[in-house]
Amino acid sequence: MSKSIKFTLTVKYTNGIEQSFEFFPELEKNMPNLASYLQKVMSSRELIIELEDRLLVIPIQNIQTIEISPPPPKLPEITLRNGRLLDN
């Protein structure tokens with residue numbers, strides 16, 4: 001039996017609007033590939049999200065930041081680890 005954990009994807013757009021999405025991926029199938037998948041998304045022209053009732057296509061140039069929580073266990077090699085967000 002595959003384990004699932006809830007992941008939240010928050011997209012902040014260049015106009016300041018934020019949208020959050022929940023995913024329940026099967027860990028054994030999807031987690032090892034998540035880091036390379038994120039790199040592919042960021043080098044593509046759009047972020048494509050399948051929702052229950054529709055397909056959402058978001059142009060990458062409209063995205064300011066993407067946040068995934070909790071962070072996946074395997075991350076791209078260029079990841080700066082053990083950071084802490086400070087109030088500015």
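L47 - would you say it is closer than 14 Å to T10 by Cα, at pLDDT 75 or above, under 13 Å from the mean Cα position of the chain (by Cα) and surrounded by 13 or more Cβ atoms within 10 Å (Cβ to Cβ)?
Yes.
Take segment 67-88 and flag every residue that is of a type in the set (A, V, I, L, M, F, W, C) and at pLDDT below 90.
Listed by number, the residues that qualify are I68, L75, I78, L80, L85.
What residue, of E77, E67, is among the charged types (D, E, K, R) and either touching an Asp or Glu at 6+ places or on another chain (Cβ under 8 Å) or assigned to a strand (DSSP E or B) (or both)?
The conditions single out E67.
Being within 17 Å of K12 (Cβ to Cβ) and in contact (Cβ under 8 Å) with a residue 40 or more places away in the chain is the filter here, so list the residues in segment 62-88 that pass it.
Correct list: N62, I63, Q64, T65, I66, E67, I68, S69.
Select from segment 50-66 the residues that are aliphatic (A, V, I, L, M) and closer than 12 Å to Q19 by Cβ and write down the one among them that is modelled with the lowest pLDDT.
Checking each candidate, the answer is I66.
Does any residue of segment 32-42 turn out to be assigned to a helix (DSSP H, G or I), basic (K, R) and at pLDDT below 80?
no
The values are calculated or read from the model by the stated rules, or taken from the named source; none is laboratory data. Since the model is a prediction, treat every value here as computed from it, not as a measurement. Positions of Cβ are generated from backbone atoms using ideal geometry, with glycine treated the same way; all protein chains shown enter the neighbour counts.
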